[in-house]
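All remarks here apply to the structure that follows.
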Ligand code: SF4
Ligand code: FES
């Protein structure tokens, strides 16, 4: 089993494991963020570049660094590989650039977006983004497309991560939408304006990292942080029936799938459970849902994100100090040679 070192932490994983999944095995702040990879969707990843890391040694047999930053979601580990994520100023810089790039055409409409409070892009921008926009040209806008009675598509917000396309292909089993065009002409849309109405189509809402796909039956009902998420289940012949009911008092405002610490769906749910069971009596209540993600709903006003931010800032400061010392010594300190020392510091 190959051994890989990520930000000074060594772990043994199965051959073929990606750097990202090896980091997830270690857990904590060193796990690179993702905007397109989704472990349950075959072929996902490699689109957004959010998960870039620096490979400083390719393997024990070939200890040379990889010349460019690598997408950790699609780069397999090798025995003796050494990877930097938070300990690389290059990675942190690149991530800032990626956030800026993702926001080039993404409208800053968090105040009116239903995804606010549980939006991956909002969280990413909070930790890795710039505090001001340098964008002084108009963003791309698209005409509204009606994709059915239950799902709202806001194409202006789409970051072209392809997750919903894979979900429609692999889970809903009837894909009528996709990314049309390529390069800066790429856009999310439905072929011949068909609607998304298979029995599992609602899952596209849960996989969308931004507010491009939202639940029409719950839209504008409440800010997500005002609702109480509860683990619930029902007897359903189409899906596992295990879901989360988002409650306002006695009222079920919306139903979603259960999601893990990386925001990924634990088990897909059908559209009947998601859109039709809005009666409290239709569910058996288990317990309050503990949302593990770093977000407003997970940690109450970004407490977890602040910790991550602190870790990031600590590494940037430590790196700057090492770099300055290295410069003063004419390159003799070996800048970048020992990320583990910085981590433990
Ligand atoms: S609509 Fe959402 S899930 Fe689909 S490609 Fe756009 S951002 Fe990704
Ligand atoms: S998560 Fe790796 S490229 Fe998007």
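Values quoted throughout were computed directly from the atomic coordinates according to the rules given, and no laboratory measurement underlies them. Predicted, not measured: the structure shown is a model, and the values here were computed from it. Glycine gets a Cβ as well: all are built from the backbone with ideal geometry, and neighbour counts include every protein chain shown.
A few notes on this one:
- Among 99, 171, 83, 204, sorting on how many other beta-carbon atoms sit within 10 Å of each Cβ, with the fewest leading, yields 171, 99, 204, 83.
- In this calculation the C-beta distance from residue 216 to residue 328 is compared with R0 = 56 Å, giving a FRET efficiency of 0.40.
- All Cα pairs of the stretch 1-154, percent lying beyond 25 Å: 38 percent
- Cβ-to-Cβ counts within 10 Å put 160, 86, 30 in ascending order as 160, 30, 86, the fewest first.
- Neighbour counting of Cβ atoms within 10 Å sorts the residues 119, 73, fewest neighbours leading, into 119, 73.
- Within the stretch 248-276: backbone nitrogen closer than 17 Å to the residue 235 label point (7 Å, Cα to C-beta): 273
- Between residue 278 and residue 66, the contour length at 0.36 nm per residue exceeds the alpha carbon distance by 71.1 nm.
- Tail fraction, Cα-Cα pairs, the stretch 124-225, threshold 23 Å, whole percent: 31 percent
- Spin-label model distance (nm) - residue 141 vs residue 314, 7 Å beyond Cα toward Cβ: 4.5 nm
- Grouping the Cα pair distances of the stretch 212-286 into 10 Å bins from zero gives a pair-distance distribution of 20, 56, 24, 0 percent in increasing distance order.
- Taking a ≥ b ≥ c as the square roots of the eigenvalues of the Cα gyration tensor, an a/c ratio of 1.5 or more together with a/b no larger than b/c marks the stretch 104-297 as oblate.
- Label-point gap, in nm, between residue 260 and residue 130 - each point 7 angstrom along Cα→Cβ: 3.6 nm
- Coarse-grained scattering of the stretch 18-92 at q = 0.17, 0.18, 0.24, 0.25 Å⁻¹, given as base-10 log I(q)/I(0) from a Debye sum over alpha-carbon atoms: -0.59, -0.66, -1.14, -1.21
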